[in-house]
Structures are given as C-alpha cells and as structure tokens.
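**Q** One structure coming up, written as structure tokens, with questions to follow.
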Amino acid sequence: MTNPSFLVGCGTGAAMDEGNLGSDIKSVFYRVDSDRNGKIDIKELYTALKLANENHFNPETCQLLMGLFDVNKDGEIDISEFGAMVRYIRSWRSTYTLHVTNNNHVPGINSTQLYNTLQACGCGVDETMCKVLIKNFDSRNMQALGFDDYMRCCVTVQSLHKAFTHQQSLDGTLRLNLEGLVTMVVESRPRPVQNLTFD
C-alpha cells in the first residue's frame, strides 16, 4: 500500500526537477500550455489532468490543487510543479484504489477507510469527524467518497492541518477566538477564480 504520509509536505509546493519527469507528463504539459509561457493556468490544468488520465476533476478540486502547488500564488504552475502535482494525485489514487478494491464493491471510500488514510498522513482527525467529512464531501450521496470527492476532502483536511500546525502551541493545542478561526480557515483555502467554468 502506498502510504501518503510523505504528502503532508507537498502542500508547500515541493516541485520536481524537470529532468526527473516522465515524457508523458512533459508532453501533456507542453500540449496545454497554449501561450507557450512555460506555465499553465487553472483551465489548462483541468485539461492537462484529463489528458494525463488523472481524473475528470471538478473545478473546485482543480482550484484546490492549484492552490496547493502554486507556490508564488500567481494563478499558474510550471512544469516541475505540475509534475509534483501528478505524483501527489497518483499517490492518493494508489491509496484510494487499494481501499476501493477491498471495499466489497462499495463505490468509494467510507468513513473508516478515510479515518485510516488521514491517520496515516498525520492528520489526527477522529472517526466522528470522518463521518462529518463523508457527509459534507459526498457529492454522489452514496455514503462513500468517489475519487474526486476524496481528493477535495483530503486536500482540504491537509490544508487545514497545515494551518493548524503553524498556529498550535508546543503541547499541540490551539486557542482561537472567532477571528483567529476565520483567518485560519480562509488562509488555508485557495483564492477563488472568477467565472470558473470548464467545457
């Protein structure tokens, strides 16, 4: 089983050296880089992920992924950031596929499996919270997360975990007033892209 615990650090936008990227990733990136500036925006990313056979992600998931890997927050990623993103998605897919294979034909990840995954990643949420996450991220109303929902859920939890760890005290607790909570949540989410629609 691929343990995605190393992925917790990917939220910093850890890029890959272009020389270590496969020809398939390079080909997809250069194919969608329509203005040839060496970077792709959110719409190009959506197309690139489809071409790389990663998934037909909804716009919100693409936006979350862009926010995670766009280090300088200019709304674009370069080829090495794209390569790191594809590696990140493939690691989550490997874990997802393992759980779905062992899930007796239930179409997705249930709350117990989500709990196990998030624990392995170092995001210490309890089983009750995982049930809340399933309820809020399950766009298919199946009481289990499809891969797109799973990615949105994990990226969101990971982003909040990162924000929490920057604010917590040495004993692992965090005291927040309402303004502090709102600030932490807002800063952990990517900037919205205006009029974001994909064909």
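**Q** Take segment 138-158 and flag every residue that is touching a Lys or Arg at 6+ places or on another chain (Cβ under 8 Å) and buried (at least 21 other Cβ atoms within 10 Å of the Cβ).
**A** The answer is 149, and nothing else.
**Q** With β-branched (Val, Ile, Thr), crowded, with 22+ Cβ neighbours inside 10 Å and part of a helix (DSSP H, G or I) as the only criterion, which of 97, 61, 112 stands out?
**A** 61
**Q** Separate question: Among all residue pairs at least 6 apart or on different chains, which show Cβ distances below 9 Å where the first residue, located in segment 161-184, is exposed (fewer than 10 other Cβ atoms within 10 Å of the Cβ) and among the polar types (S, T, N, Q) and the second is in a loop (DSSP other than H, G, I, E, B) and modelled with pLDDT of 70 or more?
**A** If the second residue must be in a loop (DSSP other than H, G, I, E, B) and modelled with pLDDT of 70 or more, the pairs left are 169/175.
**Q** Being modelled with pLDDT under 90 and over 14 Å from the mean Cα position of the chain (by Cα) narrows it down to one residue among 41, 33, 24; which is it?
**A** 24
**Q** Would you confirm whether any residue within segment 48-65 is at pLDDT 85 or above and over 17 Å from the mean Cα position of the chain (by Cα)?
**A** yes
**Q** Which ones in segment 160-174 are modelled with pLDDT under 80 and either under 17 Å from residue 121 (Cα atoms) or assigned to a helix (DSSP H, G or I) (or both)? Can you show your working first?
**A** We begin by selecting, within segment 160-174, every residue modelled with pLDDT under 80; these are 161-174.
Within segment 160-174, 161, 162, 163, 164, 165, 166, 167, 172 meet the criteria.
The values are calculated or read from the model by the stated rules, or taken from the named source; none is laboratory data. Quick caveat, the model's predicted, so the values are computed rather than measured. Virtual Cβ from ideal backbone geometry, glycine too; neighbours counted across all protein chains shown.
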